Structure formats: structure tokens, C-alpha cells
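Comments concern the structure below.
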């Protein structure tokens, strides 16, 4: 069983879509999620305190700053904007696919876990995440 989730982002940050996935993933098996883009990633992360998402975005922003930052002057892929190559680097460091067990029609996530698309670009984007349950 397969579907594609389409998510609209409004810039850098984490976008939870656990509820959409949970409504679709019925039955029992292993769910695989895969994002079809090279400048965002997928995470399972705490969904109780929004400061966690804020802090994660801030941390990765400091770890991999925009290409206009002097520490990133070595980058050569800069023609798509100062956020583009840093977005590719973040996506190379973080997962672009996730595996989640589904048991009795429920995602086997922990109490405070949620599924997030982590957008690494500044501008709004339309992102596709393919879901496969077997």
C-alpha cells in the first residue's frame, strides 16, 4: 500500500504531519517514509514542547550557516541563493527516510514522538513524502 503526502512549508523549520500519517497507516506492518527532495529531511522528534523544534532549527542554523556567512566562503554552489547549499548539507546530515512499525492500525511511536518534515530552505516549498506500508 502506497501514498504520497504533500506538505506546504513557509520557510525553514519543522512541520509535523503525524496525524496525516496515522490516519492513512492502518493495519500491521512496517511503514517507510521517504522525502523526494534534496534540501529537506525527515525526523521523529518530541511533539509536546514546541521549543524543541525551535531549538533544533536554531542549532542546525548555527551548525551550517547561510553561504553568505564568512565561515562558508569555501562553498561553490551558491547561484540558487545563500540558503541552498546549506540546505543540501543539512539534508546530507539528517535522515531522508524513516521506518516506523505499525501494529493494529496504530503507529508504534512513543508518547511524545511526532513525525516531522524539516524544511531547510527559506522560501515556501511544496514537499512530497512517499509512504509505503508493507
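The values are calculated or read from the model by the stated rules, or taken from the named source; none is laboratory data. Computed from a predicted structure; not experimentally measured. Positions of Cβ are generated from backbone atoms using ideal geometry, with glycine treated the same way; all protein chains shown enter the neighbour counts.
Structure values in brief
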| quantity | calculated |
| --- | --- |
| Pair list, Cβ under 7 Å, 6 or more apart: segment 79-96 residue touching a residue at least 12 places away in the same chain (Cβ under 8 Å), other residue assigned to a helix (DSSP H, G or I) and buried (at least 19 other Cβ atoms within 10 Å of the Cβ) | 90/60 |
| Residue check for residue 106: farther than 18 Å from residue 9 by Cβ and surrounded by fewer than 19 Cβ atoms within 10 Å (Cβ to Cβ) | yes |
| Test for residue 127: is it at pLDDT 95 or above, under 15 Å from the mean Cα position of the chain (by Cα), assigned to a loop (DSSP other than H, G, I, E, B) and under 25 Å from residue 63 (Cα atoms) | no |
| Criterion: at negative phi, free of Cβ contacts under 8 Å to residues at least 12 places away in the same chain and in contact with a helix residue (DSSP H, G or I) (Cβ under 7 Å, 6 or more places away or on another chain) - qualifying residue of 75, 107 | 75 |
| Which numbered condition residue 61 misses (of (1) more than 17 Å from the chain's Cα centre (by Cα); (2) surrounded by 12 or more Cβ atoms within 10 Å (Cβ to Cβ); (3) over 28 Å from residue 131 (Cβ atoms)) | (1) |
| Test: residue in segment 38-54 that is surrounded by 13 or more Cβ atoms within 10 Å (Cβ to Cβ), out of contact with any helix residue (DSSP H, G or I) (no Cβ under 9 Å at 6 or more places or on another chain) and farther than 27 Å from residue 1 by Cα | yes |
| Residues (assigned to a strand (DSSP E or B) and surrounded by fewer than 19 Cβ atoms within 10 Å (Cβ to Cβ)) located in segment 109-124 | 113 |
